[in-house]
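Take a look at the structure set out below.
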Amino acid sequence: MKIRILAKLAFAAALCYSLTGCQPTFQCGSWVFTGTPTGNAFPLNDTFTFDPSNCGQSCAGSQDVMIQMTWVYDETTHTNLYASDQPQGARSTPNGWSIDRVDGAAHGYYGLQNNGTFYSGWNTPGGPGTPTTLIDEPGGWPANTYFYAVDVAVCYDSRTCNNKILGYYFWSYILNSSDVGQKFITAPAWKDLDSEFQAALTAWNNWAPTSGTEYDGTGTFSHAIAFPAMSDL
């Protein structure tokens, strides 16, 4: 019952944003989202361009990347669903949100491989005035599933702005009773999702020391790597 209520609350929040405009999260740049569901899958690009002057900052020489958290809900069984690498939501918040990653990746930064490089097919890093793009294609979920994601742009490598959050973006799609995807809300995120993101970072950090060996084909770690403390720029 609790999960079903949470699903309705999440739906209501999305509806609130689309109709009336909820209180926005911090943004220090602009987003461009493109993507169209194809069958069960949703191929997409989510691009953020950091403009530090809008926030009274410079952040010269910074590298900007993405972190993604997801929330997946099965309306048929009234339960959250999780990726195969985290059975029973081992690194999820009480509300079912979790940091997304490729299986075997020790880092939670989207597209960061164990050899320390970002795979361009998942996340191309950017910087002030230069876009960073997250590339995703969720699919394989059952019929009657809600798929929500929040992409968070962060300064990953900066002399003055390291570990600062630059902006938040919400995107989603719904699989109907025929298991065909339909685009739902895609817009800059609203308040409370930033708090949920902090909870997802904490859940990842609690899980990371216990994850066991992480191997993604490029390198091996004895366990996942915890995130540093992060806050809005």
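The values are calculated or read from the model by the stated rules, or taken from the named source; none is laboratory data. Note that the structure is predicted; figures quoted are calculated from it, not measured. Don't worry about glycine lacking a Cβ; one is built from the backbone with ideal geometry, like all the others, and counts go over all protein chains shown.
Any residue at all in segment 142-150 that's over 19 Å from residue 45 (Cα atoms), among the small types (Gly, Ala, Ser) and in contact (Cβ under 8 Å) with a residue 12 or more places away in the chain? Yes - at least one qualifying residue is present in segment 142-150. Can residue 212 be described as loosely packed, with under 13 Cβ neighbours inside 10 Å, under 17 Å from residue 112 (Cα atoms) and not acidic (Asp, Glu)? In short, no.
Considering only residues that are in contact with a Phe, Trp or Tyr (Cβ under 6 Å, 6 or more places away or on another chain) and on the phi > 0 side of the Ramachandran plot, look in segment 67-119 and name the one that is surrounded by the most Cβ atoms within 10 Å (Cβ to Cβ). The selected residue is 111. So, residue 126, is that one in contact with an Asp or Glu (Cβ under 6 Å, 6 or more places away or on another chain) and either under 18 Å from residue 69 (Cα atoms) or modelled with pLDDT of 95 or more (or both) or not? Yes; evaluated as a whole, the condition is true for this residue.
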